[in-house]
Each structure stands twice: as structure tokens, then as C-alpha cells.
Ligand SMILES: C[S@@+](CC[C@H](N)C(=O)[O-])C[C@H]1O[C@@H](n2cnc3c(N)ncnc32)[C@H](O)[C@@H]1O
């Protein structure tokens, strides 16, 4: 993904007829108006439904059932998620599809509510439309795809009942985060790939303060978290799935996996 950024910057150097990155740095000093252009160059919007299948399998079989069971045991009826850097909606809608097709019938009194945010207003507009090319959904299991979409010509339209689960907003995560708390936060292939250490830490402070006491955080599979007192531990090695560590009383969700006896 970083390669995409390098490519874009190289193209920009050619447009400006600059010989090197050092020359571009000097150009930025002399032309502060270029900073927003550079910022846009760094916003890579690549995504697809069911991206990193093993992560979504973990969410389906472990994370979401645990969270759901925990909430029901406390008499709560809403599971709140945030998809940060949601691109065209592929990630939050994948969550909505998994919930509706695999979990909803097991947790009938619980509603899934997803807030999905991105800096790019065009991406958010696409997400709200819920219309995709076949290439975006090709990794989604065929049965789920057939149930969730209506195909018209060569476009796939996500059905209303899935779209209704997700609320979209344009938001720069460096400046503003949605109100929590969230039981599940997905922040994949954005902060921990593109931001420098300082912004990673700053954003992570915001994320951890919005994570519910027994919440889960998912980052990109190849990403890692900056060092810090985040109070979370890996849920599953190599998937980028974390959960809040137990407090001093060991109070966390030590519950049977849903589906094996729930
Ligand atoms: C590579 S995509 C990741 C999409 C999705 N999370 C996934 O993993 O498939 C990164 C997204 O982050 C968005 N983004 C970049 N900078 C951002 C910022 N400062 N605040 C919010 N979103 C941002 C981009 O517009 C893009 O849609």
C-alpha cells in the first residue's frame, strides 16, 4: 500500500518537474498550499468485501459471539461498532452481512449498529449508495453475496436491510473521532500504516478511550500497534485482533464461545 503512495508522489514530482524528493520538500516549504495536495496523495482508498478472510472468520466465530453474549448477559440490546477509514463501505458492510446472515438469529434481541467514517467525502458518498462492481465482492462467499445484493446490469446493489445497519460520516481521524463507547473498533490499513509514530500514538489514545471495557480492536493484519499503555492484549496471534485486558479483578468476558452451547 505504501508503494501506491510512492508512485503517486513520483507522479506529482513529474507534474511539478521536480528532480527529487528533497526538491519536493523544499517546494512544500515555499508553497504551503501544496500540503493539502500531498495529504490527498497519501489517502489510498483500496478496499474490498471480506478483505483478509481469516480476520472476518475470527470476528464471526469468536469476537462477535463473545461480545454479543457478554452484552446479553448484562441485559443490553445494542452492539456498537466503529469502522475507521471505511473507504467505500466494504468493511462495515461485510460486518453487517456477517451479522445478518450468520449471527442475528442467535442473538435476536441484540441490534448491531455500525458507525463508519472516512476523510474522503466521495468514498462516503459511494458507501451510502451501496453499489459495487463484481471485483469488490469476489472474495465474499457466493451464498452471502447472492443473498445480500441485487444485481442490475453489471452492478451489485446492497439490499436496504444491510445498508440500514451502517451510519456513515466524513471525518478526519487526526482531528475528530466519533463518540463511543464502542464494543468493536476496526481500524485497518490506515493509522498504523500511513501515520507517523506521533499520530499513531495520538490516535491510539483516542481509540482506546472509546473502546468499551470489554471491547475488541482490529487493526490490519500486517500492522502493529505503537508501544503504550493501551490496556489491550492480542486476541488471536497474527490477525491483528486485540481485546481489553482484564482489570485487577480479572473481570472480563470469560464466557463459553457462542455456538458451542449457546
Ligand atoms: C487503504 S483504505 C482501508 C479501507 C478499509 N479499512 C480496509 O482495510 O479495507 C484507507 C482509508 O482511510 C482513509 N483515510 C486516509 N486518511 C484518513 C484520515 N486522516 N481520516 C480518516 N480516514 C482516512 C482513506 O480515504 C481510505 O479510504
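The values are calculated or read from the model by the stated rules, or taken from the named source; none is laboratory data. Here the structure is a predicted model, which is why all the values come from computation and not from measurement. Neighbour counts are summed over all protein chains in view; Cβ atoms, including those assigned to glycine, are modelled from backbone coordinates with ideal geometry.
Of note:
- When 158, 186, 171, 142 are checked against the criterion of being within 25 Å of residue 62 (Cα to Cα) and surrounded by 15 or more Cβ atoms within 10 Å (Cβ to Cβ), a single residue qualifies: 186.
- Among all residues of region 20-36, there is none that is crowded, with 16+ Cβ neighbours inside 10 Å and part of a loop (DSSP other than H, G, I, E, B).
- Complete set of residues in region 44-73 that are surrounded by fewer than 17 Cβ atoms within 10 Å (Cβ to Cβ) and not in a helix (DSSP H, G or I): 45, 46
- Number of positions in region 90-117 that are more than 13 Å from residue 49 (Cβ to Cβ), without any contact (Cβ under 8 Å) to a residue 60 or more places away in the chain and within 18 Å of the chain's Cα centre (by Cα): 4
- 3 or more residues modelled with pLDDT of 95 or more, away from the ligand (no atom under 12 Å from the Cβ) and under 30 Å from residue 40 (Cβ atoms): qualifying strands (runs of 3 or more DSSP E) within region 81-199: 131-133, 155-158
- Residue among 130, 89 that is buried (at least 23 other Cβ atoms within 10 Å of the Cβ) and assigned by TED's automatic domain parsing to the domain that holds residue 219: 89
- Residues of region 202-234 that are in a strand (DSSP E or B) and either without any contact (Cβ under 8 Å) to a residue 60 or more places away in the chain or over 17 Å from the mean Cα position of the chain (by Cα) (or both): 211, 213, 214, 217, 219, 232, 233, 234.
- Residue in region 10-32 that is within 16 Å of the ligand (Cβ to nearest atom) and either assigned by TED's automatic domain parsing to the domain that holds residue 167 or farther than 23 Å from residue 207 by Cα (or both) present: no
- Residue 217 in the same structural domain as residue 173 (by TED's automatic domain parsing), surrounded by 12 or more Cβ atoms within 10 Å (Cβ to Cβ), out of contact with any helix residue (DSSP H, G or I) (no Cβ under 9 Å at 6 or more places or on another chain) and modelled with pLDDT of 95 or more: no
- In region 237-262, the residue that is farthest from residue 59 (Cα to Cα) out of those that are at pLDDT 85 or above and surrounded by 16 or more Cβ atoms within 10 Å (Cβ to Cβ) is 244.
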